Amino acid sequence: MRNRYADSSDSNALWSRVLIGLAAVIFVALIIKFMSSGGPSLEDASVTLRLTDTTSSAEITGDGNDPKSVNANTPLVELDLVEIRNGTGQIAFRSNQNSILNMNTGTKLRYLGEVEGKSNFRLENKDLWVQADTGMVSFDLVGVTLTPSSNTVMNISKNELFTTITVLQGSASLNLAGSLLEITAGKQLNYSTLKTLTIEDLTTRLADINPDTLSTDWMKLNNASAYVTTAPTQTTPGTLGTGGGLILFDSPVDESTVETKSVTIAGRVLSPNVGRIIINGSPATIDPVKQTFSLGSVELTTKENNIVYRTFDVAGGLLSKGVVTVYTTASGLSAGTTTGTSTRAQVETYKADNRFKIVAPSSDFYETRETKVKIEGRVTAGAAHHITINDFRLSSFKVGGTSWYYFANQQFGNMQEGVNTYTVRYFDAQDNEIYKQLFVIKKLPAFTSTGTKPTPITSGETTAN
């Protein structure tokens, strides 16, 4: 009996030692896992996330979709996804403190790791301001790779519809399946995020920087205008008129006349920030591939009809609002101010009032091949409180003043090839309209590169101021 009890006691002791050994191994493994999961220290990390102030916050998600703790300065490891929840954040580089990446609220940026001395990232949403002291960073924009050269300053904006690259200093090389496109300072590339791209498509989309781009709060925060050597003589006409630089109405044109009781609306989306367009309370259809919008059968109820539009970003924030005025000669509608007597612009005519004059250009139906025209006016002192052109309130006119000016600029989108009509309205202090007049610019095509002489201009073309 004693031997049986002894064998049992020895067996229990052996199992106890085995269990203790297993526990020790598990404990050591957990310690190793815990220590390794912390990633590199701030001194060893190639890149770190910095929160720019105490009100900013961010979330970091690792490769396994596990959230990581975030403090004011957090090291990043490969495949970490950074999302700025509030305020702004900044990516800093251990090897070069002069290179930084600034992130806006809502920006999502994934760190892809280090390859051949470059830090690689993928921008998944919103805004990324890039200051590259050396050619040490590269960006995956899904389908294309963007690599800035040394001493480059640029901004990348991306959403589910569009991607916009704006190079303010230096240059950046875009790689599409081995084909390269160089984007130099002062140039901007805007393309559909959803469209199947070719290098030819991208090349045709390359243009001068749209001044509207520099007027956003994000660009102002990063002092983008300091990198522009030639500033425009007048800022884009706010968010009113025929699109404010965000959208452009192709049909109907503002202040145009139709013969029907309804119109079909069509236009172009010019900004990657536009996610939704509401016209007279109805949502327009946006084609992200063609970068167009449309809305069928908008009813015209009077002789003069104001079609109200609003643009929103993908989060539902209001970007712009404005009015497009359409006149109709259709019968059976209540009388408006349209007379239909004009044979050139097909808009109403007005009784002359010598208190209000347009002095330049001298012809009220002005034809030109210039891309910019300065319209100037004179007003009797005290006759007007404020003035609008196509519903854009002029900042060039002071209350009770005697002069004003307005730039019709093809680059701004408020002058296109063909007939452009500008309605000048004068108001008193109670916002009552006291006078209205028209000015028409016919923008002719530029001279061809082959030297073919276009049809002669017959109404006094001059160089715009």
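The values are calculated or read from the model by the stated rules, or taken from the named source; none is laboratory data. Note that the structure is a prediction, hence the values are computed from the model and not measured. Every residue, glycine as well, gets a Cβ built from its backbone with ideal geometry; the counts of neighbours run over all protein chains shown. In case anyone asks, the SASA skips ligands and DNA or RNA and just uses the protein heavy atoms, side chains included. Shrake-Rupley method; radii C 1.70, N 1.55, O 1.52, S 1.80 Å.
Worth pointing out:
- Annotation for segment 223-230: no member residue is modelled with pLDDT under 90 and more than 23 Å from Phe412 (Cβ to Cβ).
- Here Val424, Val419, Val440 are screened, and the one residue that is of a type in the set (A, V, I, L, M), at negative phi and in contact with a Gly (Cβ under 8 Å, 6 or more places away or on another chain) is Val424.
- Residue in segment 33-41 that is open to solvent by less than 40 Å² (accessible area, probe 1.4 Å), under 25 Å from Gly113 (Cβ atoms), at pLDDT 70 or above and of a type in the set (Gly, Ala, Ser) present: no
- Of all residues making up segment 171-196, the number that are over 19 Å from Leu270 (Cβ atoms) and either surrounded by 12 or more Cβ atoms within 10 Å (Cβ to Cβ) or among the aromatic types (Phe, Trp, Tyr) (or both): 11
- Matching residues, segment 273-323, being open to solvent by less than 20 Å² (accessible area, probe 1.4 Å), free of Cβ contacts under 8 Å to residues at least 60 places away in the same chain and either more than 24 Å from Leu333 (Cβ to Cβ) or outside any strand (DSSP E or B) (or both): Ile277, Ala284, Phe293, Leu300
- Considering Gly296, Gly238, the condition of being at pLDDT below 80 and more than 23 Å from Glu182 (Cβ to Cβ) is satisfied by Gly238 alone.
- Qualifying positions in segment 146-170 - without any contact (Cβ under 8 Å) to a residue 40 or more places away in the chain and either open to solvent by 20 Å² or more (accessible area, probe 1.4 Å) or more than 21 Å from the chain's Cα centre (by Cα) (or both): Thr147, Ser149, Ser150, Asn151, Gly170
- Of all residues assigned to segment 205-213, at least one qualifies as being of a type in the set (D, E, K, R), in contact (Cβ under 8 Å) with a residue 40 or more places away in the chain, buried (at least 19 other Cβ atoms within 10 Å of the Cβ) and not in a strand (DSSP E or B).
- Criterion applied to Glu255, Glu182 was being farther than 21 Å from Ala315 by Cβ and modelled with pLDDT under 85, and the one residue passing it is Glu255.
- Test for Ser157: is it closer than 19 Å to Tyr111 by Cα and not aliphatic (A, V, I, L, M): yes
- Screening Lys187 against (1) touching an Asp or Glu at 6+ places or on another chain (Cβ under 8 Å); (2) of a type in the set (Lys, Arg); (3) at positive phi leaves a single unmet condition, (3).
- So Phe392, is it farther than 15 Å from Lys357 by Cα, among the aromatic types (Phe, Trp, Tyr) and in contact with a Leu (Cβ under 6 Å, 6 or more places away or on another chain): yes
- For segment 104-136, filtering for residues that are open to solvent by 10 Å² or more (accessible area, probe 1.4 Å), within 21 Å of Lys68 (Cα to Cα) and hydrophobic (A, V, I, L, M, F, W, C) leaves 1.
- Qualifying position, being closer than 21 Å to Ile156 by Cα and either touching a helix residue (DSSP H, G or I) at 6+ places or on another chain (Cβ under 9 Å) or open to solvent by less than 10 Å² (accessible area, probe 1.4 Å) (or both), among Leu79, Leu101: Leu101
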